[in-house]
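All remarks here apply to the structure that follows.
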Amino acid sequence: MTIGDIMDGVVFVDREGLIAVINPVAEDLLDVRGLLAVGKTPGQVAADDQRELAKALVVEIEAASVAGTAHRTVEIHHGERDLHYVDLRVSTVRDAEDRPAGKLVVLRDVTKEFKADQLRNQYLSIVAHELRTPLTGIKTYSTMLAKRSLGELQPNQATAIESIREQCIRLEHQIDKLVNLGHIDSSNYARDLDEIDVIAVLRGAVEPFRGVAADAGVKLELEEPTDGCKVRADRVDLGRALKAIIENAIKFTPEGGRVAVSAEVADGWVTFVVSDSGIGIDPRYQRRIFEKFFQ
């Protein structure tokens with residue numbers, strides 16, 4: 001197999017910053033077919049205002065010079081309506097003496113995958129809306145019954161109504177997850193960064209699960225850092241992530257077990273830790289735990 005047979009676009013930029021190798025797929029994606037790209041800098045290739053991907057390539061090569069690697073998804077236009085998405089990855093290549101020898105760029109057209117994700121997110125939003133409508137009615141009437149607004153209840157009836165309300169809240173939580181998943185994947189999604197108190201975040205994530213843990217026979221512990229500190233993050237996203245991990249830890253910890261939530265502060269970084277005495281995650285699947293819909 002030669003570089004011309006590779007399905008992905010491949011570009012190698014040498015240590016002088018010149019394009020040394022470029023395969024046909026990369027030529028097509030970068031819109032340089034018919035041009036002599038070899039021997040030019042990525043900046044020269046990106047000189048045309050229409051070459052959005054080439055311009056992004058220049059930026060990511062600079063980023064890789066600092067971090068060693070760089071990655072982003074680039075939106076490019078072919079014509080007025082033809083929109084494509086390209087996954088761009090840059091890695092630093094080193095020689096036998098561990099000196100930087102250049103940058104290896106891999107380009108992959110992920111338009112089909114991106115559009116499939118968009119359709120799935122739209123579907124999730126529709127499903128969430130259709131589920132929320134009847135749930136609102138169930139929740140409203142069960143609350144009225146619980147408050148005796150429609151008359152007195154027998155003890156066993158009150159217990160049943162309270163169970164219905166709890167299940168409504170649980171289902172509402174699952175619907176919120178569907179909606180949030182679609183929002184996070186949206187290209188318009190923007191995080192609201194702010195200075196957040198770490199202890200407040202920990203308490204806000206742990207307290208909602210006190211009852212759940214008690215019902216499961218699991219001891220839920222909060223270990224607050226001795227020195228109060230703040231982090232710059234999105235309050236909602238951070239809280240949501242911690243709650244998801246805590247909920248999962250309780251779910252897979254057997255009765256009599258323990259779930260501990262803490263934060264470690266070191267070298268200007270804060271590490272949030274959720275540990276449990278449950279079954280753990282099979283090492284074969286640990287690399288996949290952050291994939292959407294992976295169980």
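The values are calculated or read from the model by the stated rules, or taken from the named source; none is laboratory data. Remember, predicted model here, so these are calculated numbers, not experimental data. Counting neighbours? That spans all protein chains shown, and the Cβs are built from the backbone with ideal geometry, glycine included.
May I ask you to say which residue of A266, A244 is over 16 Å from V201 (Cβ atoms) and in the same structural domain as L202 (by TED's automatic domain parsing)?
Exactly one residue qualifies, and that residue is A266.
Can you name the residue in the stretch 196-252 that is modelled with pLDDT under 90 and assigned to a loop (DSSP other than H, G, I, E, B) and is also nearest to K177 (Cα to Cα) among such residues?
E224
List the number of the failed condition for V212; all other conditions in (1) in contact with a helix residue (DSSP H, G or I) (Cβ under 7 Å, 6 or more places away or on another chain); (2) β-branched (V, I, T); (3) more than 30 Å from V270 (Cβ to Cβ) hold.
Of the numbered conditions (1) in contact with a helix residue (DSSP H, G or I) (Cβ under 7 Å, 6 or more places away or on another chain); (2) β-branched (V, I, T); (3) more than 30 Å from V270 (Cβ to Cβ), the odd one out for V212 is (3).
Of all residues in the stretch 253-264 being under 26 Å from the mean Cα position of the chain (by Cα) and in a strand (DSSP E or B), which is modelled with the lowest pLDDT?
Only one residue fits best here, namely E264.
For the condition β-branched (V, I, T) and at pLDDT 85 or above, what is the one hit in I76, I169, I164? Spell out the reasoning first.
Details: I76 fails: at pLDDT 85 or above; I169 fails: at pLDDT 85 or above.
The unique qualifying residue is I164.
Here are some residues: A46, A63, A20, A26. Which one is crowded, with 18+ Cβ neighbours inside 10 Å, at pLDDT 80 or above and either within 15 Å of L107 (Cβ to Cβ) or not basic (K, R) (or both)?
A26
If the requirement is being out of contact with any Asp or Glu (no Cβ under 8 Å at 6 or more places or on another chain) and surrounded by 10 or more Cβ atoms within 10 Å (Cβ to Cβ), which of these qualifies: R210, R258?
The conditions single out R210.
Which residue pairs have Cβ atoms under 8 Å apart, sit 6 or more places apart or on different chains, and have a first residue in the stretch 54-74 that is in the same structural domain as R89 (by TED's automatic domain parsing) and a second that is basic (K, R) and assigned to a helix (DSSP H, G or I)?
Going by the 8 Å Cβ cut-off, there are no qualifying pairs.
Which residue out of A70, A101 is under 24 Å from I6 (Cα atoms), surrounded by fewer than 18 Cβ atoms within 10 Å (Cβ to Cβ) and at pLDDT 85 or above?
Among A70, A101, only A101 is under 24 Å from I6 (Cα atoms), surrounded by fewer than 18 Cβ atoms within 10 Å (Cβ to Cβ) and at pLDDT 85 or above.
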